[in-house]
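Presented below is the structure to which this report refers.
The values are calculated or read from the model by the stated rules, or taken from the named source; none is laboratory data. If you're wondering where the values come from, they're calculated on a predicted model, not measured in any experiment. Don't worry about glycine lacking a Cβ; one is built from the backbone with ideal geometry, like all the others, and counts go over all protein chains shown.
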Amino acid sequence: MAIQWEPLPKLPDPKGRAGMFAGVSDEAIVAVGGANFPDTLPWEGGKKKWYDDIFVLEKGKKGWKTAKHTFPGACGYGVSITYKNQLIVIGGSNAKEHLTQVVGVEWKGGDVMLTKYPALPYPLAQMGGFLTDNMIVLIGGNRSPTAPPMHTCLVLDLKNLKAGWQQNDTFPGVARVFPVCGVYHGDGYLFSGETQGINTKGNKYRDILLDVYRIRVKRLEGMPFLTWEKLAPMPRGMSAGGGTVPLLNGNQFFFWGGVDAVTAGWKTPAKHPGIIRSMLIYKPETDEWEYLGEERTYESRVTLPVVYWQGLWVYISGETFPGVRTPSIIGIKGI
């Protein structure tokens, strides 16, 4: 399989953003919030700025619009779900804290309409998530910027909103933040993420995980029921590699960017080599991995949303080096 790359109109913010939320509504991409360092790099004393504006890229247009209304609070680094013509913004964080909010954003009549969903039972950011059979599943994350990674899952049945978020503690893997997730034939898939490792000398390090799980989500007596199957491990880790893993040609997951163990071990931000450029595919039917080579034309990235739009899987902005974002938007498809 080969990859066709298609640059799309750049984000209106020339600095780009990391941690945005994004989805599809009324055939348009809706992108919300995010954060960047607009003035100075973080290791030079730069301060992170968080955003509440909403950008919209309509079908057939050559540029993004900025919605008249803003999102209710600056935020980023949560989970994005597209459901019934809405982007659902779940959790995330701002300059002070992690959040419990769950808000639907719909592009309609030239502006956005907001819908409240049941709030999370506790603040949560840096988690993974997916939608299947009208149920949103969240995995991992943490409750505050200084809290350890979590092991818990949360499930919201969109056909039974009165029940709210249900906690599920059946996940067999280690606690983690920034896993990446996808869906194939109704089953959820969880890939990688990272946890806090401790070496033989008691020193902490970023432990980039390689494990992979298939998650079957059912209803049992009206409540969500999850079963897990451990699959072949990743050839390399991919923490924070995009909120949703693209499924190309209907049967192969595509992996580009993300933080691997080598990238995580880099200690000097100013000399950072950038995000790893290697590309992988995973075939769920055969539980096999394949290396596709490296992409040299477009910069790989981390902490960004990925949405399916107009036949393309679209990578929206993201971080290319520590503290450096890109405004570029790239669409891909398998050929």
Just checking, does the stretch 196-207 include any residue being crowded, with 16+ Cβ neighbours inside 10 Å and in contact with a Phe, Trp or Tyr (Cβ under 6 Å, 6 or more places away or on another chain)?
no
Residues of the stretch 83-105 that turn out to be charged (D, E, K, R) and either surrounded by 22 or more Cβ atoms within 10 Å (Cβ to Cβ) or part of a strand (DSSP E or B) (or both), as a count:
0
Of everything in the stretch 234-252, what is hydrophobic (A, V, I, L, M, F, W, C) and either crowded, with 23+ Cβ neighbours inside 10 Å or assigned to a helix (DSSP H, G or I) (or both)? Give them in sequence order.
MET238, ALA240, VAL245
Under the condition of being surrounded by fewer than 14 Cβ atoms within 10 Å (Cβ to Cβ) and farther than 25 Å from GLY222 by Cα, which residue from the stretch 106-134 is modelled with the highest pLDDT?
MET113
Checking GLU27 against (1) under 19 Å from the mean Cα position of the chain (by Cα); (2) closer than 22 Å to VAL245 by Cα, which test does it fail?
(1)
Among the residues of the stretch 186-216, the number that are more than 23 Å from THR146 (Cβ to Cβ), among the hydrophobic types (A, V, I, L, M, F, W, C) and in a strand (DSSP E or B) is 4
Identity of the residue in the stretch 217-233, closer than 26 Å to LEU156 by Cα and part of a loop (DSSP other than H, G, I, E, B), that ends up modelled with the lowest pLDDT:
GLY222
Looking at GLY173, is it small (Gly, Ala, Ser), in contact with a Pro (Cβ under 8 Å, 6 or more places away or on another chain) and either in contact (Cβ under 8 Å) with a residue 12 or more places away in the chain or within 29 Å of ASN251 (Cα to Cα) (or both)?
no
